1. Alpha carbons only, please: Rg and Dmax for the range B:73-224, in angstrom.
2. How large is ³J(HN,Hα) for each residue in the range A:75-81, as worked out from phi by the Karplus curve 6.51 cos²θ - 1.76 cosθ + 1.60 (θ = phi - 60°), to whole Hz, x for Gly and Pro?
3. Note down, for the protein assembly as shown, the three equivalent ellipsoid semi-axes (square root of 5 times each alpha carbon gyration tensor eigenvalue), biggest first, whole angstrom.
4. What does the buried accessible surface come to for A and B, summed over both chains, with the probe at 1.4 Å? Round to 100 Å².
5. Using alpha-carbon positions, what is the distance between the centroids of the range B:65-114 and the range A:177-232, in Å?
6. Out of the total accessible area of the protein assembly as shown (probe 1.4 Å, heavy atoms of protein only), what percent is carbon and sulfur?
7. Could you name the lysines whose alpha carbon sits less than 16 Å from that of B:K176, not counting residues in the same chain fewer than 8 places away?
8. I'd like the per residue volume of the convex hull spanned by the Cα atoms of the range B:3-144, given in cubic angstrom.
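The values are calculated or read from the model by the stated rules, or taken from the named source; none is laboratory data. Only a predicted model underlies this, so the values are computations on that prediction, with no experimental measurement involved. No Cβ is skipped: glycine too gets one built from the backbone with ideal geometry, and neighbour counts run over all protein chains shown. Side chains included, ligands, DNA and RNA excluded: accessible areas come from the protein's heavy atoms. Shrake-Rupley method; radii C 1.70, N 1.55, O 1.52, S 1.80 Å.
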2 protein chains.
Amino acid sequence: MPDAEYRDIRKLDLFSQMADEHFTSLMRGAYVQNFPAQIELTTEGEPSDFLHIVLSGSVDLFSEWNGRDTSMATVRPVSTFILAATIKDAPNLMSARTLEKSRIALIPSQDVRTIFDLDSSFARAIVTELAQCYRSVIKAQKDLKLRTSLERLANYLLRQLKHADGSATFELGFEKRRLASVLGMTPENLSRAFKGLQPYGVAVNGTHITIDDQADLERFAKPNPLIDDFST
Amino acid sequence: MPDAEYRDIRKLDLFSQMADEHFTSLMRGAYVQNFPAQIELTTEGEPSDFLHIVLSGSVDLFSEWNGRDTSMATVRPVSTFILAATIKDAPNLMSARTLEKSRIALIPSQDVRTIFDLDSSFARAIVTELAQCYRSVIKAQKDLKLRTSLERLANYLLRQLKHADGSATFELGFEKRRLASVLGMTPENLSRAFKGLQPYGVAVNGTHITIDDQADLERFAKPNPLIDDFST
DNA sequence: CTCGTTTATTGATCTGGATCAAGTCATTTG
DNA sequence: CAAATGACTTGATCCAGATCAATAAACGAG
């Protein structure tokens, strides 16, 4: 594994505090692999053999039931996924597929569980990470249950705008059809929702979004830190 | 605190493995209180000063936004809530109110965080508990995004039936209006959904549910362990 | 027990969002 | 470069579920 990647992983909250010896031991069993786009990395229902870390590219977490499917979240570098299943040694609840060419580190789940028992700093970091994940899903659920699709889109755009701070424009990171699924709507409806936000100064050109008047959009979207602030 | 309750709490997965000394220390700072029905125990957005444990009665976790509100979950004895906020020392994402006369133990969050740092068995138990919570919310989200309201109700009934094992009948634990909110629908629609399940052998009499032919209902509901099995 | 209040049901109507069907681009492939 | 493929958009229509309105039934307080 290249040094730069080794250090990127080490810098993750999950690994930054643990003993050197244990981190090295984890990395010894790990391997890094390049995947093309649209490769299924894990399948829901299967045991989780590896903790995954996205080093570059992006990964879609999705689920299926009775012929329907839905995107649950998108994982971007550098962060991990399937942590809960790894820790519980339980089947994955979601499938994962690469959205683009991606570089992924794989750490055998058994190793993670072993080091988890040995290193209490690591155990503590896992607690923090899991608590964060839990709270993120609760927020997503509130978003789904309390808002209409137009409101979800408006708030989504405002959250993205915050990342691209300063500028009034940003790029949608991925296809609109996937955004639609993440937001719990159909692609057709997403198109219409974008139109529905035009009166609030939202302009779309391909994947390029412009927001004329953030305050105006906020008056409509009513963002709330208990739903939209992913850092707390 | 009565001995019986002390032992009930000790038996919880979260506390069963930790050192006696630490458990005693936690319990020293804790206190137990009886609340009448419809009392708000915590409010979303407020800091979480106490880890709560429901000893008897039941508690509704709910959220509000822009004049709308929704039930997120019901907590029944004996279990804890607001664990993630306690650990992260972050604001509560949900409000909690008693549904009936309830007995609640309150452990100062600061104490929980202190013992968490001292006792690695406790830390490990918290990881397991949080992973469990996380996976439950993911399942709830899949339920919401992949199923119609009729399918959600059918699967809810089948899950309840599993708890009351053997019997083909059981009692709804709470008001239908709350069930409606938990399932993400209106009370009116819940009434209609119950009617919609009559062809599959579901009969309702007040809060008393009878399911003639479980296999028939399952053919419609298509329950799936990755959504409906709360134990994994 | 009785009155008043809340909850549950039922019917009528409305609407957000899904589905179906074309048509337009942009990208890939032979 | 042409044909094919797949994403996006737009319009027409449909449907699940919300809302509104009116009882009916259950519950609680006096």
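1. According to the Cα coordinates of the range B:73-224, Rg and Dmax are 18.4, 57 Å.
2. Values per residue, Gly and Pro as x: 9, 10, x, 9, 8, 9, 8 Hz.
3. Numbers: eigenvalues 225, 194, 108 Å².
Equivalent-ellipsoid dimensions as semi-axes: 34, 31, 23 Å.
4. Working: alone 12720 and 12730 Å², together 20470 Å².
Buried surface at the A/B interface: approximately 5000 Å².
5. 31
6. 48
7. Straight-distance partners of B:K176: B:K195.
8. Taking only Cα atoms, the range B:3-144 has a hull volume of 105 Å³ per residue.
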